[in-house]
Amino acid sequence: MLGDWGITDTGLVSSMAGDLVKTYCMTCKFDKYDPKSTGSALVAFRGNAVDLLDVFSPYYANSGIAGRGVMDQGSADDTVGEKTWAVYGQMNWSGEIGGRRANALIGVRYEQTRVNSLSLQSVPAAMRWTQDNDFNVDGGPAGGAVVVKAKYDNLLPSLDFDIEVLDNVKARASFSQTLARADYGSLFASVTANAPNRPTALGAAPAGATRQDPALLPLESDNFDVSLEWYYKPSSFVSIGFFNKNVRNFIGNQVTNGNLFGLRDPGSGAAGSRSGVALNYLRANGIALSDINMFAYTALLVQNNGNAAAATTAFQANYNPVTGNLDRISGSFYNNLAAAVDIVGDANDPLVNFAISGPVNNREGNIHGFEVAWTHFFGQTGFGFSASYTKVDGDVNVDPYADPNVNIFALTGLGDSANFTAIYDKGGLSARVAYNWRDKYLSGTNQGGNRNPLFTDTFGTLDANISYDITQNFSVSLEAVNLTSEPFRQYARTETNLVYVQELKPRFYLGGRFRF
């Protein structure tokens, strides 16, 4: 079983099975990125998604029980409505303090938000074991509409103040309360149940599931910033700033365990179940506890209406203990058996214990750091440069070796960054070449049953753009992004746990602008 794949038209990637990353090689070709560069990838391929579908669909269409084809996994139609009412006001002040010019901007905003989430979902009917490590969740009939309503309100004050403390030196300070709402996908009312990647009796991680939360509160942040700016010549300055943010209701991810839709596990090995009988038989006879052996004996029980004696006779007739193959059962016999029999969870099987992943409003977190910036132009030549560096610290780190049974808390999407830009701007011609760099950062937490973190690797791009004012009202531009074809890469607990990599090509944009 190849697992779940992330496929793009520019490059590919891999499959996570618990904490073990499984990658497989088809053409093993990337133009720039070497998937073995970290020593992690046994596999990677590139390919067009449509071409891959054309290759594999005939196999899946003819697999399994005659006429069954690809199993329906269920579907959902989600609609999220969000209405926001707001009232706001602001006041400007300009004057002098101690003979120095100063400005202040004071504002306040009140918002009330109502959320209405509607889901029309087909309710999964059963979990089906189709062969060795292949499981499916059968889609069922449409259920009733699920409607979840929520509302919240916020008062958001702000204050910005600046003063020229010395000639050409300006100090700024600001305080604000801001919010960021959850993305619509996190507000769905539907629930998705997935299948395990092998029999749970033989050590599979809990089957994954996702459940969103329409009642999520928005992220709220108390922001405090101070900065000092020195304008040492026209169009040139140096600045340094410090920031501190206390974040509440941060929208993270957590994993809980439980059953969904009453689905039962046909590969649990529990006492009294068909897979339990198979597990006991294999153990008692010293036969390898493999996915194939487990499925074969369980399927023979199904085929013989639970008659263990008949199942044992058929198994032993096709079992060869001297082949050296750990599965030790005839390949042709097994293939015919797997094509003829599916094992569907029944009343003797235990309920599936899903690892249910979903968004949650986490506890309060803190972000702090500093930024330095420098912009300089060389006289009236039009040539110049700008550079900046931002350092971020706070609740943004996780221990990659943390207990996989405990949910991780950390703020995601935050990391150090820097850029350097060479500039020319004169006579209607404007050109820039920039290198933008971002250090590795935490992209997600509690991914899958083992609560893996998800990191995005260090990423830097060389970009360029040029524009020319043909007239006062019309200009044309050409922009190039990622000239060095920098790949995008994500990994789990360590850099060798490759999750996703995408080979990116340069992108070019031709544009025009008309000013009225």
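The values are calculated or read from the model by the stated rules, or taken from the named source; none is laboratory data. Keep in mind it's a predicted model, so treat the numbers as computed, not measured. Cβ: placed from backbone, ideal geometry, glycine included. Neighbour counts: every protein chain shown. Accessible surface is based on the protein model in full, side chains and every heavy atom, while ligands, DNA and RNA are left aside. Shrake-Rupley method; radii C 1.70, N 1.55, O 1.52, S 1.80 Å.
For Arg507 and Asn304, the FRET efficiency from 1/(1 + (r/R0)^6), where r spans their Cβ atoms and R0 equals 51 Å, is about 0.25.
State to the nearest 20 debye the size of the charge dipole of segment 362-507 about its Cα centre, where the only charges are +1 on K and R beta carbons and -1 on D and E beta carbons.
220
For a 21 Å ceiling on Cα separation, which of these pairs sit above it: Lys149/Lys245; Lys391/Lys426; Lys83/Lys151? From the list (Lys149/Lys245; Lys391/Lys426; Lys83/Lys151), the Cα-Cα distance tops 21 Å for Lys149/Lys245; Lys391/Lys426. Can you grab the distance from the C-alpha centre of segment 244-280 to the C-alpha centre of segment 183-236, Å, no decimals? Taking the Cα centre of each part, segment 244-280 and segment 183-236 sit 21 Å apart.
When the solvent-accessible area of segment 329-473 is split by element, carbon and sulfur atoms take up 55 percent of it, the probe being 1.4 Å. If you take the Cα centroid of segment 150-164 and the Cα centroid of segment 343-381, the two points sit 25 Å apart.
Per residue, the accessible area of segment 362-516 comes to 53 Å², computed with a 1.4 Å probe over protein heavy atoms only. Rounded to the nearest whole Hz, the Karplus-based 3J(HN,Hα) values (6.51 cos²θ - 1.76 cosθ + 1.60, θ = phi - 60°) of segment 406-417 follow the sequence 10, 4, 8, 10, 6, 7, 9, x, 10, x, 5, 8, with x at glycine and proline.
Largest first and in whole Å, what are the equivalent-ellipsoid semi-axes of segment 224-286 based on the Cα gyration tensor, each being the root of 5 times an eigenvalue?
Three semi-axes, in Å: 68, 16, 10.
On full extension, the segment bounded by Ser174 and Ser236 gains 20.0 nm, given 0.36 nm per residue less the C-alpha separation.
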